[in-house]
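Down below is the structure, laid out as structure tokens.
Every read-out reported here was derived from the displayed coordinates using simple, explicitly stated rules and does not represent laboratory data. Everything numeric in this text was worked out from a predicted model, so none of it was measured. Here the Cβ is made from the backbone with ideal geometry for all residues, glycine too, and neighbour counts use every protein chain on show.
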Amino acid sequence: MTTITLDANASVSESADETMQGVSAGLVNAGLYSDGPRLLADVGGTNARFALEAASGQFESVIVLPCAAYASLAEAMRAYLAQVAEGKTSLAIRHAAIAIANPVDGDWVQMTNHHWAFSVAELKKEMGFSTLLVVNDFTALARALPHLAPEQKQQVGGGVARAGGVLGLIGAGTGLGVSGMVPAGRHWIALQSEGGHVTFAPSNEREVAILRFAWQEFEHVSAERLLSGVGLELIYRALAAIDGVASENLSAPEISRRAQAGECAICDETIEVFCAMLGTIAGNIAITLGTVGGLYIGGGIVPRLGERFFQSSFRKRFEQKGRFSSYLAQVPTFVITAQYPAFLGVSAMLAEELE
């Protein structure tokens, strides 16, 4: 797998015809899709990840683009296709699928944590695709869960997954994604959920104080307000204010860095509070959906915390549900360590759409 990161100065093709140039002749060989490679995208509030799927599960030319560098999703897609086509004999892209961090209900898509907005039908026409599937990113990620290899996930705490049991999913990044997988005979049904926007509920006095601080800025404090990149920053400001300590204008990555380097006590508590809150919400999902098959943790924040997350009180808070603590102790929790897991899910959904 080739990974390339483009900067904001990457060139962009101007015509729709030019955007169709994305596949090198070298990809054309036995076992590949007869109608050409498929374009896959995993679009978050910060980055858009693109890949070509030459054959089932074979992802090539992975490129990560910063969303802020492009005026629209179409412009980012043209930049990607121009990059992979550069200096190569190319074929047209007929089929594409996009997993996007946003509710997908109808033709119009307006991102929650970024300014991109588009009509699915118009984007399909503009790009010249025969097929364009647009789905919620965590629905796509949920579809990938049954396909994860043992080395693509790491268990946190105890519990044993029950074969054929419901799977849960939560992930913090630019926002907070929630989904699940429900078995239906020999198949799975991925839930289209916006569970990250449920109302946040504190679990101790410290979290009550953080909630009161957040109420000064927001009328409604959702789980996402605290369990996200900007949520880390909000927790940090709240803890500093509660303790009467001067806070700095720190970004989420800097808070995480200082915490892991042992340079800042408030930053370390911020990470600890974040992990505990995530455990509470994850436990809520596990009880609500009955995720005896396991609860999976995706998103961009937790994997970057590394061992700090495994040392946190996440799992303790996950099980801390009073009379249902013994129930949750049996439910395993896993951190997804696969680099681009959403491609697996959106690929499967596109394949079903074409069938």
- Query: Here are some values of mean projected area of the Cα convex hull in nm²: (i) 17.5; (ii) 18.8; (iii) 15.4. Which one was computed from this structure?
  - Reply: (ii)
- Work out the length of the dipole vector of the chain about its Cα centre, built from +1 on the beta-carbon of each Lys and Arg and -1 on the beta-carbon of each Asp and Glu, and round it to the nearest 20 debye. 1100
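Rounded, prolate or oblate: which one fits the range 209-268, using the alpha carbon gyration tensor with axes a ≥ b ≥ c (rounded when a/c is under 1.5, else prolate when a/b beats b/c, else oblate)?
Oblate is the answer for the range 209-268, as a/c is 1.5 or above yet b/c matches or exceeds a/b.
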- Note on the structure: GNM of the chain, Cα pairs under 10 angstrom: of Q155, Q311, Q192, the biggest fluctuation goes to Q311
- Message: What is the angle, in °, between the Cα long axis of helix 205-215 and the longest principal axis of the Cα atoms in the chain? Nearest 10 is fine, range 0 to 90.
- Response: 50
- Cα-centred dipole magnitude for the range 150-337, charges only on beta-carbon of K, R (+1) and D, E (-1), debye, nearest 20: 740
- Message: Charges on Cβ only, +1 for Lys and Arg, -1 for Asp and Glu, centred on the Cα centroid of the range 26-144; of A99, S119, Q58, which one is farthest towards the dipole's positive end?
- Response: Q58
- Message: For a test of the definition: using alpha carbon positions, the gyration tensor, and the 1.5 limit on a/c, classify the range 100-236 as rounded, prolate or oblate.
- Response: oblate
- Message: Rounded to whole Å, give me the distance from the Cα center of the range 279-355 to that of the range 153-204.
- Response: 5
- For the range 212-355: rounded, prolate or oblate by the Cα gyration tensor [a/c cutoff 1.5]: prolate
- Q110 to S251: FRET efficiency via 1/(1 + (r/R0)^6), r the Cβ-Cβ distance, R0 30 Å, to the nearest 0.05? 0.70
- In a GNM of the chain with a 10 Å cut-off on Cα contacts, which of N204, N113, N284 has the highest mean-square fluctuation? N204
- Task: Please give the helix 265-289 orientation as an angle from the longest Cα principal axis of the chain, in degrees from 0 to 90, rounded to the nearest 10.
- Result: 70
- For the chain, what does -39500 (n - 2.57) per DSSP helix run (n ≥ 4), summed and divided by total residues, give at 222 nm, in deg cm²/dmol to the nearest 500? -10500 deg cm²/dmol
- For the chain, the longest principal axis of the Cα atoms and the Cα long axis of helix 229-243 enclose an angle in degrees, to the nearest 10, of 20
- Query: Which of F334, F343, F324 moves most in a GNM of the chain, Cα contacts under 10 Å?
  - Reply: F324
- Task: Rank T139, G164, Q339 by how far each Cα sits towards the positive end of the charge dipole of the chain (+1 on Lys, Arg Cβ; -1 on Asp, Glu Cβ) and give me just the farthest.
- Result: G164
- Which one of S256, F324, Y33 has its Cα pushed farthest toward the positive end of the charge dipole of the chain, where Lys and Arg give +1 and Asp and Glu give -1 at the Cβ? F324
